[in-house]
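S.K.: The structure follows.
Computed from the coordinates by the stated procedures, all read-outs in this text should not be read as laboratory data. Keep in mind it's a predicted model, so treat the numbers as computed, not measured. FYI the Cβ positions are ideal-geometry reconstructions off the backbone, even for glycines, and counts take in every protein chain you see.
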Amino acid sequence: MRNLKIESISIVLASFLLGGCVSLAPDYERPTAPMPSTWKVDVNEKNHNAQALAWEAFIRDERLQSVIRQSLEQSRDLRKAIANIEAARATYRIQRSAELPTLEASASGSKARTVTTNNSTAITQSSSATLGISSYELDFFGKVRNASEAEFETYKGVEEAERLVRLTLIAETTTAWLTYASDQTLLTLSKQTEQSAKRSFELVQKRVELGIDSNVSLYSAQSIFQQAKADVASYTTKVAQDLAALELLVGASVDETRLPTGLESTSQLWLSDVPVGLSSSVLLNRPDVLEAEHNLKSANANIGVARAAYFPSITLTSKGGVGSSSLTGLFNGGTSTIWSFVPNVNLPLFDAGEREANLDYAKAKRDLTVATYELAIQTAFKEVNSALARRVTMNDQLEAQKALVEANTKSYAIYDARYQKGVDTYLNALLAQRSMYASEQNLISVRLEALLNRVTLYQVLGGDFTQKSE
């Protein structure tokens, strides 16, 4: 009996040593990135690699920094992403626990009064205490280990998804804050134009009453006044909507001291310029690309799980302990050794093609994730090239728009002075004022677009794009 007990223990120890020695999953190889090694647009930079830029270094304005910190603390979307991480981590831990045996301890006792053969009664009792392994599968073919690997990669993919949500939140909060600043400036400009047009309208009205001007000039002056008045109402609404959108992203109300008063020429200093570099390999560290790669690794491991189903599954259940005819006997040495060892081998002989279908499904999922991974890279490359193409021409457009505003302002001043002296019609002054107003509006829009281009470039490069998550 002693030899049999030693043999059972040896079998259990051998299972620990042999379990998981073979993996039937294909060796993982990262697919070749389907994109050129350099950008399509000349970035005019000497460094081949982009440099990491934390969002605190990218965002220079302290008011915007405080709003972003508030959004990172309060955003419900980010809280959902973090909860998904915790759920994925727990799922991985559940699967990981299957790689190790479950030890169970139990104690039991019984006492019964029974009838004997001569119709008398007898009282019998027994007690036992055992320690054992409950249904542990020997992982000879790597099924359990590959299942754990698949769950681990899924968990890492969810982590990258959280990074993507965080990066998107930073970009969207910055965009909403800058849009609010732009609309505030447009609102101020429309109010100024309304006041100027009102004074011009009142002046023309007096000239018409004196017979100097006709009603044509009066109606022309009224048109620019009413246009500016309508713009005031429109931009007042937009500013309120911008604030509501910003507070939705932040997840709480935003203090007025953290809000911008408008866009100026110095507003370009609110954001740092984004270092791009020459190599496009930086895109392989974008959160969405890394998420797709982790999903690919998970699908690759699931092929090993499906392949292992073709081989026998071996599970062990064993117990060992002491027993006694009385409860007190368990503690005073009056015990006997008890044990059980139950191996179970299972191999389905006929399953109507279920295992083959499961393997085909796993391979198809792997092919799907390969395509998804490659598409994520191509999409990232296209987004960066588009942002770079806009950045190349952005400064030229901004400078041209500034020059246009300056020219239109001077033109309006000349035509207005000529009208005041009676040497020109009000129509020319009106056209010059409209051109000046429109060019000033466009300048504000171009300034906003220049800032948003930096935000877009920072986002499509992956934020802290040269650093993977821990």
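S.K.: Please pick out the residue among T114, T91 that is touching a residue at least 24 places away in the same chain (Cβ under 8 Å) and either in a helix (DSSP H, G or I) or not hydrophobic (A, V, I, L, M, F, W, C) (or both).
M.R.: On the way: T114 fails: touching a residue at least 24 places away in the same chain (Cβ under 8 Å).
Exactly one residue qualifies, and that residue is T91.
S.K.: Next up: Find the residue count for the stretch 196-211, including only residues that are part of a helix (DSSP H, G or I) and loosely packed, with under 13 Cβ neighbours inside 10 Å.
M.R.: So in the stretch 196-211, the residues part of a helix (DSSP H, G or I) come out as 196-209.
Those left that are additionally loosely packed, with under 13 Cβ neighbours inside 10 Å: 199, 202, 206, 209.
Residues flagged as part of a helix (DSSP H, G or I) and loosely packed, with under 13 Cβ neighbours inside 10 Å within the stretch 196-211 amount to 4.
S.K.: Also: Quick one: count up the residues across the stretch 247-261 that are in contact (Cβ under 8 Å) with a residue 60 or more places away in the chain and surrounded by fewer than 17 Cβ atoms within 10 Å (Cβ to Cβ).
M.R.: Residues of the stretch 247-261 in contact (Cβ under 8 Å) with a residue 60 or more places away in the chain: 249-252, 254, 257-261.
From the residues that got through so far, the ones that are surrounded by fewer than 17 Cβ atoms within 10 Å (Cβ to Cβ) too are 252, 257, 261.
Adding up the residues that qualify gives 3.
S.K.: If a residue must be closer than 19 Å to Q195 by Cβ and either touching a residue at least 60 places away in the same chain (Cβ under 8 Å) or not hydroxyl-bearing (S, T, Y) (or both), how many such residues does the stretch 418-454 contain?
M.R.: Of the residues in that region, 13 qualify.
S.K.: Let me ask something additional. So the check is Cβ under 7 Å with 6+ separation or different chains; which pairs have a first residue in the stretch 351-375 that's touching a residue at least 12 places away in the same chain (Cβ under 8 Å) and a second one that's surrounded by 12 or more Cβ atoms within 10 Å (Cβ to Cβ) and assigned to a loop (DSSP other than H, G, I, E, B)?
M.R.: R355/A309; R355/Y310; N358/A309; V370/P31; Y373/P31; E374/P31
S.K.: Now for a different question. What is the one condition in (1) buried (at least 16 other Cβ atoms within 10 Å of the Cβ); (2) under 14 Å from L430 (Cα atoms); (3) of a type outside the set (D, E, K, R) that S182 does not satisfy?
M.R.: In the conditions (1) buried (at least 16 other Cβ atoms within 10 Å of the Cβ); (2) under 14 Å from L430 (Cα atoms); (3) of a type outside the set (D, E, K, R), S182 misses (2) alone.
S.K.: Still on this structure: Among (1) part of a helix (DSSP H, G or I); (2) acidic (D, E); (3) under 31 Å from the mean Cα position of the chain (by Cα), there is one condition D464 misses while meeting the rest; what is its number?
M.R.: The number of the failed condition is (1).
S.K.: Exactly one condition in (1) in a helix (DSSP H, G or I); (2) surrounded by fewer than 12 Cβ atoms within 10 Å (Cβ to Cβ) is false for S386; which is it?
M.R.: Failed condition: (2).
S.K.: For E172, are the conditions met, namely being touching a residue at least 40 places away in the same chain (Cβ under 8 Å), in contact with a helix residue (DSSP H, G or I) (Cβ under 8 Å, 6 or more places away or on another chain), crowded, with 17+ Cβ neighbours inside 10 Å and closer than 30 Å to Q95 by Cα?
M.R.: Here the answer is no, as E172 does not meet what is asked.
S.K.: Now, a different point. Of all residues being touching a helix residue (DSSP H, G or I) at 6+ places or on another chain (Cβ under 7 Å) and closer than 25 Å to L167 by Cα in the stretch 231-246, which is surrounded by the fewest Cβ atoms within 10 Å (Cβ to Cβ)? Just the residue, please. Don't jump to the end; show me each part of the working.
M.R.: Start the filter on the stretch 231-246 by keeping residues that are touching a helix residue (DSSP H, G or I) at 6+ places or on another chain (Cβ under 7 Å), which leaves 231-232, 235-236, 238-239, 242-243, 245-246.
Filter once more, so that each one left must be closer than 25 Å to L167 by Cα: 239, 242-243, 245-246.
Working: V239: 19, D242: 21, L243: 19, A245: 17, L246: 22.
Of everything passing the filter in the stretch 231-246, A245 is surrounded by the fewest Cβ atoms within 10 Å (Cβ to Cβ).
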